[in-house]
Amino acid sequence: MAKLNLVKALNLALMQEMQRDPDVLVIGEDVGVDGGVFRVTEDLHRTYGSKRVIDSPLAESAIIGTSVGMALYGLKPVCEIQFSGFAFQCFHQIENHAARYRNRSQGRFHVPMVMRMPYGGGVRALEHHSESEEQFYAHIPGLKMVIPSGPRNGRALLAAAIRDPDPVVFFEHKALYHAHKEDVPDEPETMDIGRAQVVSEGDDLTLVAWGGMLRVAREAAETLEQEDGVSCDVIDVLTIAPLDRETIVRSVSKTGRAVIVHEAPRSFGPGAEVAASIMDGAFLSLEAPIARVTTHDVPFPGFAREKANVPDVARVVGAARETLAF
Amino acid sequence: MAKLNLVKALNLALMQEMQRDPDVLVIGEDVGVDGGVFRVTEDLHRTYGSKRVIDSPLAESAIIGTSVGMALYGLKPVCEIQFSGFAFQCFHQIENHAARYRNRSQGRFHVPMVMRMPYGGGVRALEHHSESEEQFYAHIPGLKMVIPSGPRNGRALLAAAIRDPDPVVFFEHKALYHAHKEDVPDEPETMDIGRAQVVSEGDDLTLVAWGGMLRVAREAAETLEQEDGVSCDVIDVLTIAPLDRETIVRSVSKTGRAVIVHEAPRSFGPGAEVAASIMDGAFLSLEAPIARVTTHDVPFPGFAREKANVPDVARVVGAARETLAF
Amino acid sequence: MPRTPLEPRFTVEYLSILDAEGNLDSALDPGLPGAELKRLYRAMLLARRLDERMVRLQRQGRTGTFAPIKGQEASQLGSVAVLRPTDWMVPSFRETASMIWRGWPIEKLLLFFAGHLEGGQPAPDQRDLPITIPVSTQLPHAVGLAYAAQYRDDDVVVMAYFGDGATSEGDFHEALNFAGVWHVPVVFVCQNNQWAISVPLKKQTNSKTIAQKALAYGLPGIQVDGNDVLAVYAASREAVERARAGEGPTLIECVTYRLGVHTTADDPTKYRTAEEVAEWERKDPLTRFAAYLKKKRLLEDGLEAQVDEEIAAAIARFEATAPADPLVMFDHVYAELPPELKAQRETLAETLRSGEPGRREKHEPSPPMRGQRSGRR
Amino acid sequence: MPRTPLEPRFTVEYLSILDAEGNLDSALDPGLPGAELKRLYRAMLLARRLDERMVRLQRQGRTGTFAPIKGQEASQLGSVAVLRPTDWMVPSFRETASMIWRGWPIEKLLLFFAGHLEGGQPAPDQRDLPITIPVSTQLPHAVGLAYAAQYRDDDVVVMAYFGDGATSEGDFHEALNFAGVWHVPVVFVCQNNQWAISVPLKKQTNSKTIAQKALAYGLPGIQVDGNDVLAVYAASREAVERARAGEGPTLIECVTYRLGVHTTADDPTKYRTAEEVAEWERKDPLTRFAAYLKKKRLLEDGLEAQVDEEIAAAIARFEATAPADPLVMFDHVYAELPPELKAQRETLAETLRSGEPGRREKHEPSPPMRGQRSGRR
Ligand SMILES: Cc1ncc(C[n+]2csc(CCOP(=O)(O)OP(=O)(O)O)c2C)c(N)n1
Ligand SMILES: Cc1ncc(C[n+]2csc(CCOP(=O)(O)OP(=O)(O)O)c2C)c(N)n1
Ligand SMILES: [Mg+2]
Ligand SMILES: [Mg+2]
């Protein structure tokens, strides 16, 4: 058991999965000698060599496309797209191929690959380095879309994603990389993909969040507890798709109210599906409209304005109070 | 006033807008000499020449990317992506640039371009030729996303899109191209982008649809009227983004019940936003959960199975009856 | 302005062995045994006859849109024939001849074009990727397969097909560049059939040849007469041997011509002249190869009837295929059905049981996608 | 196997005029007047001093991540200097020197790197695109601008910048291919600085030069000593003149070196040796040009102090900029605010009035994106 931040925890998962299975390899821009621009692949190159830890040329479509080929052959590539903002360059390889080969070949092939991408704001970055694009992947049949919220579940979910027989898009929030440390067991650990977690329990309101927003939701729950005496279920979604509707619906059936927090823009965003699913499953329990606290429907602004764009505790608390007062 | 099908009506819009404004040009694969694989650009080449009607090399990203450059210079390119299934190749040019140049340049530049794409199923086509990808565009701030449902509004909306100062993704349903004819005025006609239309009125239920599904919704409304004595508001959304929430909410505030019909897969699809928006605006009027009738969360199947995938009148009527019986 | 030319200077070569009358340049003869020559010709003939038959099936509404290969038989068979079964073949959407050579049953191809994905399923031991529709996107897969083979130290070569239009896509570029850097055993076979739907090569690229595009990646590139099955064979064998010997990738440009429609939705009279087509008909790869075989007394009698029978039998099997079970659309999305998908499947199963919409569909001749076809060809 | 070489054979040339000691090959001298030489040197020096200053500003948390140009001054200024103000300049993200030459105020660049998009707004009459972050994606825009200029019959040339790594992206390929087919007035300037972050050129492509990639598109390509401002100038002038005369696009490869970090988040000691850097420091474009100017008695005294003052004044203006008004994020999404966006804007305005979160942010030194920087360089 060691105290690790998210970067080190993800690195541990990669180290151990590569150790465990010689078919696992890592590919991306600067993932080798440099250890990745965020150091998630640090030392893999030294340990496993340049055939298994591939510094690719600068071309996202070929990173995903060649990985699809490797996966069809039986390998298990873990690709890194340097920032999620540059994954639109390979979006066709993801949608046309990674997500579809199992279906196209009617089960003759499958594509056991992981597409790791740092995402999210709050790190004073240039354009295309702060966005949250989970919605785009969540809407593609055949893909799984996972976003951990901390070192321990990050490590366990990444290991699970690597072992998963299907393609997984794996988002890592940049602001979480160094945000906090957690105890992470030395022994390999996995978690089920497709399951949300209730990370704290309450009766009055359900807060639904993931990735970088989980901390915001938890702090909002604390504030509400302390200042309003309101107790919340806080749900860490973890797998965006396939969405664990059951856990979310069960909670809202109890609380009757929900606030969804995400960093993607609001309109046609992932919160809409969560809200619609809650309505499908818990309509009669609903005591107020489901609130969504999100970034605005604008291109992510320059970082001098990002605090006003990314949901913070005050906005979540405000939305919760409105919901409770409805 | 002539009776035109959708292909001819769109062609008329292009002809007239090119006549009206020398900055309008057309670019895409096979749009010139061949007149487009669906003949929407027929005769433009003959009339306006190969400098204004450009048969481009086979590269979607460059079609959009060079058009962005032309638009920055002051031209008004109307691009054709041969099938919407191949637009993921240029998704980065759309998201990174077409949608963002106004913002990136803080208003110094804007991108008055139209991206036409045939979409939708029911035409016995090969893979990637039957999908409905409106959700992906609707979620991108800075873009507009328009889908006409017939010849007359198709012509008027395309003309409006060409005149619009912002980038518009314009979907044309393949099954509508030859489906029916309508009277289309000879004089140029436009319609406001951003407005939904109530195409038939009723009190018991709101049916929300667009593009190829409008016909299905209308027929379902007729069936419900005849067989169940139920009267429906049928809303033709027309502009997916920015969504005309007001019109939809107003209707559901009256009817209390809604069924949304779309051809995109269900999960994280456009219906979720429509449903969530209705909940935001008409929560207290809601008498039943909002139903979504959609394609399944699967890669669009080979056409031998497409009828079982695309929503049809029976499925919409079924969902409506469940909603009414709730 | 004077400047220093850099070494090496670059050249691209052209290879042709059989001329249009079937005369052999014996210095270049790849020296195939008679049986192999006969097998190649039979495959070319079968491909030609099937192609014609498939166009008719589509016209009758018994299959959907399909891309004929008439004129490209030599390019496909001359190249695919040098592969071993343990090698990999990566098609685009117009490799009927290559696929049949690799063992795809004809009825399966028909099923595929009739909208049943079952028809696109490679056999368990078959090292072929299924048909890829989005142009050029299969090329990085071929490079990935080759990388994996090299990684596993397998004695495997990968051959990937694409058209002239495909060379304009970014994926072509990225794939060849990765292949060059990784030095993997892959052979890129471009069938330059002069047209990408209605767009002629000169509007596709300002490059004089496709072969010279290899120079951008530090790869060898060669242009061959793609209607000359022996030239294609010779160039492909050399490239495959190089790849197998660890000497990296090659780009082969087969200069050929699509004699028929782009797909069954296309009307080529809109964009090209009858004279151009006639000129290429004189370079027909079958006529030329038949003339050569005749001189060598290797042309068998009754071959047409033989292949027609084979095709007819396959069509009969295709026609006897059970209707598509809609529920199969859920079977191959994930290894395991997630709950939401399970629910959707159950709802559809219920609907089907109740006999309502989405019932099992037979290959019914409903209106196909209407494009440009005027019916004139 | 013997085959026919195709004509023409291809060559790629290399151009160098000033050697590392500042000696001129007078046969190749582009013959710039003394005032122009002095202006170029001043711009190079300003760029160098500003670059160093910007790195310090970032280290102090006064700006965010930024890509220094140290070592690439000659490549940028030798090329941009041949443009007219009525021509267009399309930068990537590392063209500080070119941008300043084109009239971007220094304080605006600083503002941009401090996270204010206002800093990225070109002036109303300025024919420059703003900085583009996604690698290579600006190249098709340059081709589109050139197409539009040709369409309007305007006397305009477009110059586009990118790096060696950028040549691996599909957009590079598609842009050059379109430019070749359309024969438009665009000059592609590749700053081959040997590295794409940690990836050296030999892992980027198997091609020996970047210049030879032009052959794939039927374009002229030339390699120049990118640390030799006169060679860059001569090659760029030729290319721009060709473009202006309707003779189409050119690819120029400037062989240069990034002497500093990739960005302020990078630690290059992880991937390259001090010896390599030292070797390139000996080829420093400034030293060489200064030596030449000295021989010509064109080197001015006190120039450093002059440019430092200019920089200091700009930094003062930058520091005096008003905090960013968050509501501006809604102003440039569409020509008109749609209702939903209007509502979001009002909600935020309300929150701001109530003094709660999202308050106006000054350039506060909060922790920047943490990457690989170890602080060793
Ligand atoms: C990415 C993509 N864009 C467009 C299409 C539509 N399309 C199908 S085939 C074709 C032309 C292909 O030309 P070429 O590569 O020369 O192959 P050929 O058809 O001549 O065999 C086009 C544009 C497609 N399938 N995929
Ligand atoms: C599409 C895309 N992928 C990845 C990145 C991250 N990135 C920024 S600069 C860079 C390297 C660029 O190398 P090169 O083109 O040689 O330019 P240089 O940085 O050397 O000037 C990378 C990978 C990006 N900005 N855009
Ligand atoms: Mg072709
Ligand atoms: Mg570089």
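The values are calculated or read from the model by the stated rules, or taken from the named source; none is laboratory data. Small disclaimer: the values here were computed from a predicted structure and weren't measured. Glycine gets a Cβ as well: all are built from the backbone with ideal geometry, and neighbour counts include every protein chain shown.
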Look through region C:183-206, keep the residues that are within 9 Å of chain D (Cβ to nearest Cβ) and crowded, with 24+ Cβ neighbours inside 10 Å, and return whichever of them is farthest from ligand 2 (Cβ to nearest atom). C:Gln204
What is the residue count in region D:118-133 for residues that are facing chain B (nearest Cβ under 9 Å) and not in a helix (DSSP H, G or I)? 10
Is it the case that some residue within region C:135-153 is at positive phi and surrounded by fewer than 24 Cβ atoms within 10 Å (Cβ to Cβ)? yes
Which numbered condition in (1) closer than 30 Å to B:Ile64 by Cβ; (2) part of a helix (DSSP H, G or I); (3) of a type outside the set (A, V, I, L, M) is the only one that B:Thr190 fails? (2)
For the condition among the acidic types (Asp, Glu), farther than 30 Å from C:Gln212 by Cα and within 16 Å of ligand 4 (Cβ to nearest atom), what is the one hit in D:Asp284, D:Asp228, D:Asp266? D:Asp266
Every residue in region A:197-214 that is buried (at least 24 other Cβ atoms within 10 Å of the Cβ), assigned to a strand (DSSP E or B) and within 22 Å of the chain's Cα centre (by Cα), please. A:Thr206, A:Leu207, A:Val208, A:Ala209
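Quick one: which residue in B:Val40, B:Val7 is away from ligand 2 (no atom under 16 Å from the Cβ) and in contact with a helix residue (DSSP H, G or I) (Cβ under 8 Å, 6 or more places away or on another chain)?
Testing whether each residue is away from ligand 2 (no atom under 16 Å from the Cβ) and in contact with a helix residue (DSSP H, G or I) (Cβ under 8 Å, 6 or more places away or on another chain) leaves just B:Val40.
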Flagged in region A:119-137 as more than 10 Å from chain B (Cβ to nearest Cβ) and crowded, with 24+ Cβ neighbours inside 10 Å, in numbering order, are A:Tyr119, A:Gly120, A:Val123, A:Arg124, A:Ala125, A:His129, A:Ser130, A:Ser132
Within region D:141-183, how many residues are within 16 Å of ligand 4 (Cβ to nearest atom) and either part of a strand (DSSP E or B) or free of Cβ contacts under 8 Å to residues at least 12 places away in the same chain (or both)? 4
Which of (1) closer than 22 Å to A:Met191 by Cα; (2) assigned to a helix (DSSP H, G or I); (3) within 8 Å of another protein chain (Cβ to nearest Cβ) does A:Met15 not meet, given it meets every other one? (3)
If you take the residues of region A:317-326 that are in a helix (DSSP H, G or I) and out of contact with any Leu (no Cβ under 7 Å at 6 or more places or on another chain), which of them is farthest from A:Ser132 (Cα to Cα)? A:Ala325
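Answer yes or no: is there a residue in region A:236-255 that is part of a strand (DSSP E or B) and more than 14 Å from chain C (Cβ to nearest Cβ).
yes
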Is there a residue in region D:253-268 that is part of a helix (DSSP H, G or I), at pLDDT 95 or above and within 12 Å of another protein chain (Cβ to nearest Cβ)? yes
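Table: residues versus (1) more than 14 Å from every other protein chain (Cβ to nearest Cβ); (2) within 16 Å of the chain's Cα centre (by Cα); (3) of a type in the set (Phe, Trp, Tyr); (4) within 18 Å of B:Val114 (Cα to Cα).
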| site | (1), (2), (3), (4) |
| --- | --- |
| B:His139 | no, yes, no, yes |
| B:Met145 | no, yes, no, yes |
| B:Arg155 | yes, yes, no, yes |
| B:Arg163 | no, no, no, yes |
| B:Phe170 | yes, yes, yes, yes |
| B:Tyr177 | no, yes, yes, no |
| B:Met191 | yes, yes, no, yes |
Residue in region B:279-291 that is within 10 Å of chain A (Cβ to nearest Cβ), in contact with a Lys or Arg (Cβ under 6 Å, 6 or more places away or on another chain) and surrounded by 23 or more Cβ atoms within 10 Å (Cβ to Cβ) present: no
Which is among the β-branched types (Val, Ile, Thr), more than 16 Å from ligand 4 (Cβ to nearest atom) and touching a helix residue (DSSP H, G or I) at 6+ places or on another chain (Cβ under 7 Å), of A:Ile63, A:Ile54? A:Ile63
Residue pairs, Cβ under 8 Å, 6 or more apart or interchain, first in region C:58-83 and assigned by TED's automatic domain parsing to the domain that holds C:Val135 and assigned to a loop (DSSP other than H, G, I, E, B), second of a type in the set (Phe, Trp, Tyr) and surrounded by fewer than 23 Cβ atoms within 10 Å (Cβ to Cβ). List them. C:Ala67/C:Phe93; C:Gly71/C:Trp280; C:Ala81/C:Trp101
Which residue pairs have Cβ atoms under 8 Å apart, sit 6 or more places apart or on different chains, and have a first residue in region C:189-206 that is under 12 Å from D:Asn177 (Cβ atoms) and a second that is modelled with pLDDT under 95 and more than 16 Å from ligand 4 (Cβ to nearest atom)? none
Can you say whether B:Val208 is among the aliphatic types (A, V, I, L, M) and out of contact with any strand residue (DSSP E or B) (no Cβ under 7 Å at 6 or more places or on another chain), as far as the supplied structure shows? no
Determine if region C:99-121 includes at least one residue that is among the polar types (S, T, N, Q), touching a residue at least 40 places away in the same chain (Cβ under 8 Å) and more than 16 Å from ligand 4 (Cβ to nearest atom). no
Identify all residues within region C:233-264 that are within 16 Å of ligand 3 (Cβ to nearest atom) and among the hydrophobic types (A, V, I, L, M, F, W, C); write none if there are none. C:Leu251, C:Ile252, C:Cys254, C:Val255, C:Leu259, C:Val261
Over 25 Å from A:Gln82 (Cβ atoms) and not polar (S, T, N, Q): does that describe D:Gly170? no
Single condition C:Val187 does not satisfy, out of (1) within 16 Å of ligand 3 (Cβ to nearest atom); (2) of a type outside the set (Ser, Thr, Tyr); (3) under 18 Å from C:Cys254 (Cα atoms): (1)
Mind checking which residues of region D:207-240 are of a type in the set (D, E, K, R) and more than 11 Å from chain C (Cβ to nearest Cβ)? D:Asp228
Looking at D:Ser98, D:Ser136, D:Ser92, which one is outside any loop (DSSP other than H, G, I, E, B) and assigned by TED's automatic domain parsing to the domain that holds D:Asn193? D:Ser98
When the residues of region D:137-166 are narrowed to those that are facing another protein chain (nearest Cβ under 8 Å) and within 22 Å of D:Gln72 (Cα to Cα), which ends up farthest from ligand 2 (Cβ to nearest atom)? D:Ala142
Collect the residues in region D:90-112 that are more than 8 Å from the chain's Cα centre (by Cα), under 18 Å from D:His141 (Cβ atoms) and within 16 Å of ligand 2 (Cβ to nearest atom), keeping them in residue-number order. D:Val90
Which members of region B:76-98 meet the condition of being surrounded by fewer than 24 Cβ atoms within 10 Å (Cβ to Cβ) and within 7 Å of another protein chain (Cβ to nearest Cβ)? B:Phe86
